[in-house]
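The block underneath contains the structure these notes are about, expressed in structure tokens.
The values are calculated or read from the model by the stated rules, or taken from the named source; none is laboratory data. Given the structure is predicted, the values throughout are model-derived calculations rather than measurements. Here the Cβ positions follow ideal geometry from the backbone for every residue, glycine too, while neighbour counts run over all protein chains shown. Side chains are part of the model used for accessible areas, which takes the heavy atoms of the whole protein and leaves out ligands, DNA and RNA. Shrake-Rupley method; radii C 1.70, N 1.55, O 1.52, S 1.80 Å.
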Amino acid sequence: MGIATMGELSNDELLSRTRKLAEDERRISIEILHHLSEIDRRRAYAKLGYPSLWDYVLKELRYSESAAYRRISAMRALKEHPALEKKIEEGTLSVTTVSQVQSFLKSERDQAHRSYSPDQKEELFRKCENKSSREVTRELLTVSPLAIRVQKERLLTENRTMISFVADEALLGKIHRVRDLSAARLRDPASYPELVDLMSEVTLSEIDPLRKRVRERLPVAVSAKPDQNVALIAPQPTESLGTVRVIPQALRRRVWQEYGGRCAFVDAVTGRRCNSTFGLEIEHCKPLALGGSSRELSNLRLLCKHHNQWLAIQAYGLSKMEPHLQSRKNEIGAKVGESNKETSLDP
Ligand SMILES: [Zn+2]
């Protein structure tokens, strides 16, 4: 119906059509959540060169960060509690509310180490039915103070981000210890940015393969042999691999430099390169089992965790790989949480 003819509708027609459209919208929302869930299961976003479901939803589907966050967290909730589907469809629970409760449960689990039984979770969702976002926050606050987001990353200008989080006593003690021991190197009193910068420098000089003075703790070469699927997900310590599989230290550094410390996966259709820096591993282009070499730069490339998984799924099949992919949930969840810069602006 065009806008021009809308004026001809009676009031009753206008109201009933709008009601019908809202119902359709809720049904489509659920359909989208189911599709996202299946895309996540298959790692299908990796096919298009995206390093995560988060990037796919943001860049390919063009949702805002807050909309992407709500959908991904509602998708997780729906997977865990299929009964929520009917409530979203009826409109007693919105995608926003479901996502709010799901994020709350995640904070409770990750930050307060408090777990809820399936019944307790369902009871919490039930208590939040037919409530506005503000009312849901109030409801969750009666359960735990973690209902208020305690970790935030907010972009202030192009090169300034405000980071805030809550530190427990132990962490605060460690930060103060760093401050005291670094008094000679830093201003007195050292600011938090200075302290975090110092800690980052010390850590990176130890673990960043792109830096010269890196110690012997680089990602381990992985084998693409079918009977060693697990190695693709959780690389074994160097000692347990045959010497032929070990990539010499200097060569590893060259691989990292060759790809600029970023994932080398390129979508053949769009030419989009992934470029992710998350969970990078060195991959053999031609598997060792098929005679590929660990000694030639041309046979080695850098791939992010999700592209390693995507290629493994293509090589060995989803059913065989799926059991090894289960641990991914928390990592992706954490990533979504970290990247979510607009939660405080949620409607
Ligand atoms: Zn990648």
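Apply the Karplus parameterisation 6.51 cos²θ - 1.76 cosθ + 1.60, with θ equal to phi minus 60°, to every residue of segment 262-270 and state each ³J(HN,Hα) to the nearest whole Hz, in sequence, with x for glycine and proline.
3J(HN,Hα) across segment 262-270, in whole Hz: 9, 4, 8, 5, 10, 6, 4, 7, 8.
Among 305-315, 280-290, 11-21, how do they line up from the highest to the lowest mean number of other beta-carbon atoms within 10 Å? If you can, show how the numbers build up before the last one.
Numbers: 305-315: 21.3, 280-290: 18.0, 11-21: 10.5.
Output ranking for 305-315, 280-290, 11-21: 305-315, 280-290, 11-21.
So what is the accessible area of segment 255-328 per residue, in Å², with the probe set to 1.4 Å? Could the numbers behind the result be given before it?
Details: 3360 Å² over 74 residues.
That works out to 45 Å² per residue.
Using a cut-off of 12 Å between beta-carbons, work out the net charge of the residues near Leu302 (Lys and Arg +1, Asp and Glu -1, Leu302 not included).
Values: positive: Arg252, Arg253, Arg254, Arg262, Arg273, Arg301, Lys305; negative: Glu258, Glu281, Glu283.
Summing Lys and Arg as +1 and Asp and Glu as -1 gives +4.
Quick one: pull the percent of accessible area on segment 152-207 belonging to carbon and sulfur, 1.4 Å probe, ligands and nucleic acids left out.
Values: 2580 of 4590 Å².
Using a 1.4 Å probe with all protein chains present, segment 152-207 comes out at 56 percent carbon and sulfur.
Let a ≥ b ≥ c be the square roots of the eigenvalues of the Cα gyration tensor of segment 110-180; is it rounded (a/c under 1.5), or, if not, prolate (a/b larger than b/c) or oblate?
On the way: a/c = 3.45, a/b = 1.62, b/c = 2.13.
Note, shape of segment 110-180 comes out oblate.
Could you give P(r) for segment 43-185, binned at 5 Å from zero, as whole percent values over all Cα-Cα pairs?
Result, from short to long distances: 2, 8, 14, 17, 17, 15, 12, 8, 5, 3, 1, 0, 0 percent.
Rounded to whole Å, give me the distance from the Cα center of segment 271-301 to that of segment 187-208.
Taking the Cα centre of each part, segment 271-301 and segment 187-208 sit 32 Å apart.
Too long at a 31 Å Cα-Cα cut-off: which of Lys59/Lys106; Lys20/Lys131; Lys79/Lys127; Lys152/Lys320; Lys59/Lys79? Present the calculation step by step, with values, prior to reporting the outcome.
Numbers: Lys59/Lys106 25 Å; Lys20/Lys131 22 Å; Lys79/Lys127 20 Å; Lys152/Lys320 38 Å; Lys59/Lys79 23 Å.
As for pairs spanning more than 31 Å Cα to Cα, those are Lys152/Lys320.
Considering amide H positions built from the backbone, and no H for Pro or chain starts, which residues 5 or more places from Leu302, or on another chain, come under 5 Å of its amide H?
It is Ala264, Glu283, by chain and number.
Between Asp110 and Gln151, what is the label-point separation in nm under the 7 Å Cα-to-beta-carbon projection?
Between Gln151 and Asp110, the simple spin-label model gives 0.4 nm.
Hey, what do the phi angles of segment 61-78 turn into as Karplus ³J(HN,Hα) couplings, whole Hz, using 6.51/-1.76/1.60 and θ = phi - 60°, x for Gly and Pro?
These are the phi-based 3J(HN,Hα) values: 8, 6, 7, 6, 4, 5, 5, 5, 4, 4, 5, 5, 6, 5, 4, 5, 4, 5 Hz.
What does the highest-first list of 156-164, 168-176 look like by mean Cβ count within 10 Å? Could the numbers behind the result be given before it?
Working: 156-164: 8.6, 168-176: 10.6.
Top of the packing list down: 168-176, 156-164.
Whole-Hz ³J(HN,Hα) for each residue in segment 307-320, computed from phi via Karplus 6.51 cos²θ - 1.76 cosθ + 1.60 with θ = phi - 60°, x for glycine and proline: what do you get?
6, 4, 5, 4, 5, 5, 5, 5, 6, 10, x, 5, 5, 6
With every protein chain present, what is the per residue accessible area of segment 15-141 (1.4 Å probe, Å²)?
For segment 15-141, the solvent-accessible area averages 52 Å² per residue.
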